[in-house]
Every structure is written in structure tokens, then in C-alpha cells.
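Here the structure is laid out as C-alpha cells; the discussion comes afterwards.
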Amino acid sequence: MRKNVIYVLHEYGANSHYNALVVLAKQKDYEVKFYEFSLYTLLKQTLKGKYKISKWIANIFFLLRISFIKPTKIVIGIAPFNPMLKVMMFLLKKHEVYYHTSYTHWDGKMSAYPVQSEKNLKRWKYFTTNYVKHIFAVSQKTKNEIVSNEYATPDKISIVNHSFNIPICASYNHLKDNTFIFVGRLEEIKGIDEILTIFSKKPYANLIIVGSGSKEDIVKEYVKTYKNITYKGYVKGLKNLIPLYSNASFLIMNSHKTNSWEELFGIAIIEGMACGCVPIATDHPGPKEIVTSDINGIICKEGEIERGIEKAIAMSNGNYQKMRILSIQCGQNYSSENMAQKWQNIFT
């Protein structure tokens, strides 16, 4: 017998954001299939060899046939005020649509897409208040912003944090050392230049860097000069990241805000915490909801991440062990199995 299907249709991004939905869907005998609708952006990635042409073609065919398949459940992920919403609403009008978002600014002042007109705003309000059946917000801040800007009432929004989908068994017998790990994109917004400068002045502390991006050549130059800095390149999959997280005492997330971006969650934080890394992060909405500063991690203002690193280095092993245990307990809460039931409103 053919399984029922939930389609996830998002601009572009990680399917792993829906790990918990996949778990719950399986329990309900549903299959989850993923497609992306930002065809122009993805075409550019395809031409650069960073996106499979077969996936790009599959996205086109899905969009062409979505209006003709039998009514089904569709989860759409689309950034606030994206003008493509008009097209998506037309294509999905006969389906049962749910909205998934992590955006924490709904006043139009900080968005990937500028507010183009009053008509666009009215369309978005209609979309969130009437068109979609339910909204799944990645954080409490996201829910608060949607409600305070009158895009939905609280009862229409469920908070579903991101999660990891494989078991993580952290060792509780890890003595503190001065090993730090950075996992993420090697871009200016991730504060990698500042991190490299800090560790170039601290030969008694070790830095492991994992990721790829436009700053990769700069990272490699630092690795040549400073023995305490190691670069592992891009590591695919949590299974391969776990040994790296497990060998570090601390994780660094040094996010820097722009006019259109801030750290909305921080998957590396929950992965690292679950493995036993105590996080040190800048005070963006995502990290602040996960980390309780001086309890299970350290939160710093932008530009002051060095203070957090120095605090970690100076920390006694006893205080570190207390913080590490609480960090592990917090991180373990973000397993897909724990988060799955928070998607329950898609089946009611």
C-alpha cells in the first residue's frame, strides 16, 4: 500500500531542519519528501557544481505538478516578505498548508526581503492568519515576534526547535583542557577572522576549525603559521562530527549580525552540547534561547567573544565539570525523538 506523503517545500536549506517531523511522520505511517522552490538561486549553485542538476530538475517538475496532485499536507518554509509568496499561494491553494519559520523579525526592519508594498504586507497577514492551518516556529522569539506584529494568535503557533537525528552518548569523564572547536561556515558573519586573531595570541589554547566557505584560504594561512590551530575542512554528517566535538572542551559560535541576518538557532550548539562541549556564543536570539549563561555555557556580546574564551581558559576543572554536565543534559533534549511530538499539530 502506498504511504501518505507530507511534502516539505522550502526556499533552500537543510532537510535536517525537519528531522523531528520525519520521526513523527514515520510513527504515523507517512513519508516526508523534500523540494525547494528558489530555482534561480539553486540554478546558480548548480552551475558552480554545488547543487545537483538532477535535484534542480526534480524541483521544477514538482512545482509544475503540485497543482494537479491530490490534496495533501505541505509544509512551506519561506522567509518573511518574499514576493514569491503570491506564486506559492496560487500553486498550493487546494492543499493543507503549514508554515515553518525561524525568522525573529516581523516588523519589516530586518529581513532578507524588503517590504515592497502595503499589498505585500496584507498578503502575508492573510497567509499567516487565514491561509495556513498552523505555524511551526523554531524559537520562542520567533513566536513572540509573529504574535506581537499581529501575524497570528498564540494558539496557532507551536514551537519546534531544530534537532539532531542520531543517538549521542557523551562521556562524563572528560577533563577540562584548553581545546576549542568551531563548526560552521567560514564567512565574515560567523566571526571566523576574529577567532583566528584571538587564538594566534594564545599558543596555550588549541583551536579546531571545521567547515568551508570564502575564508578557507585565510584559515589555511593561519594553520601554516600557528601550531595551535588545526583545520579539518568540511566534515559531512553528524556521525563524523561527533568524534571532533567529543575531543574538545568548548565550542565557539561567534555570530555577527548584518542588516538582514542573525543567528536564528545554532544547530552546532545543540550538537556540541550533547557531545559535552561547553558553548561560548554571541548574544543572538538562537544561542540565547539554548544557552543559560554561566550555567551551561557562556553568552557574550558581539566583539567580546575573547572575554568568554579567557573565562573558559581560567575556569577550574571543578566548575567546568558542573557546567559540562548541565550542557550535556540541555543538548540531549534536542534529539529528534524528543522534539517529534511538537509537530503533532500537523496531524490534528
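The values are calculated or read from the model by the stated rules, or taken from the named source; none is laboratory data. Here the structure is a predicted model, which means the values were calculated and not measured. In this analysis, Cβ positions are derived from the backbone assuming ideal geometry, glycine residues included, and neighbour counts consider all displayed protein chains.
For the reader, a short list of remarks on this structure follows.
- Total residues in the range 55-86, condition without any contact (Cβ under 8 Å) to a residue 12 or more places away in the chain and β-branched (Val, Ile, Thr): 2
- Single condition residue 308 does not satisfy, out of (1) modelled with pLDDT under 95; (2) in contact with a strand residue (DSSP E or B) (Cβ under 8 Å, 6 or more places away or on another chain): (1)
Quick grid of which residues meet (1) closer than 19 Å to residue 104 by Cβ; (2) touching a residue at least 40 places away in the same chain (Cβ under 8 Å):
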| residue | (1), (2) |
| --- | --- |
| 236 | no, no |
| 248 | no, yes |
| 268 | yes, yes |
| 278 | no, yes |
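Residues are listed down the side, and each one gets a yes or a no for (1) under 19 Å from residue 270 (Cα atoms); (2) not assigned by TED's automatic domain parsing to the domain that holds residue 306:
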| position | (1), (2) |
| --- | --- |
| 153 | no, yes |
| 167 | yes, yes |
| 237 | yes, no |
| 251 | yes, no |
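- In the range 188-246, of all residues being polar (S, T, N, Q) and part of a helix (DSSP H, G or I), the one that is nearest to residue 176 (Cα to Cα) corresponds to 246.
- Contact annotation: residue pairs with Cβ atoms under 8 Å, 6 or more positions apart or on different chains, pairing a residue in the range 322-344 that is of a type in the set (Lys, Arg) with a partner that is in a helix (DSSP H, G or I) and crowded, with 20+ Cβ neighbours inside 10 Å, are 342/20.
- Listed by position, the helices (runs of 4 or more DSSP H) contained in the range 78-149 that have at least 3 residues being on the phi > 0 side of the Ramachandran plot form an empty set.
- Criterion applied to 171, 200, 158 was being surrounded by fewer than 20 Cβ atoms within 10 Å (Cβ to Cβ), under 23 Å from the mean Cα position of the chain (by Cα) and in contact (Cβ under 8 Å) with a residue 12 or more places away in the chain, and the one residue passing it is 158.
- Test for residue 174: is it assigned by TED's automatic domain parsing to the domain that holds residue 24, closer than 30 Å to residue 272 by Cα and either part of a loop (DSSP other than H, G, I, E, B) or touching a His at 6+ places or on another chain (Cβ under 9 Å) (or both): no
- All positions within the range 74-102 that are surrounded by fewer than 18 Cβ atoms within 10 Å (Cβ to Cβ) and out of contact with any helix residue (DSSP H, G or I) (no Cβ under 7 Å at 6 or more places or on another chain): 79, 84, 87, 90, 93, 94, 96
- Of the criteria (1) crowded, with 18+ Cβ neighbours inside 10 Å; (2) part of a loop (DSSP other than H, G, I, E, B), which one residue 71 fails: (1)
- Screening the range 258-348 for helices (runs of 4 or more DSSP H) wholly inside it with 3 or more residues that are touching a Pro at 6+ places or on another chain (Cβ under 8 Å) and either surrounded by 23 or more Cβ atoms within 10 Å (Cβ to Cβ) or not aromatic (Phe, Trp, Tyr) (or both) returns the ranges 267-275.
- Qualifying positions in the range 230-247 - surrounded by 15 or more Cβ atoms within 10 Å (Cβ to Cβ) and touching an Asp or Glu at 6+ places or on another chain (Cβ under 9 Å): 231, 238, 241, 242, 245
- If you go through the range 248-257 and keep only what is out of contact with any Lys or Arg (no Cβ under 7 Å at 6 or more places or on another chain), surrounded by 23 or more Cβ atoms within 10 Å (Cβ to Cβ) and under 18 Å from residue 212 (Cα atoms), you end up with 251, 252, 253.
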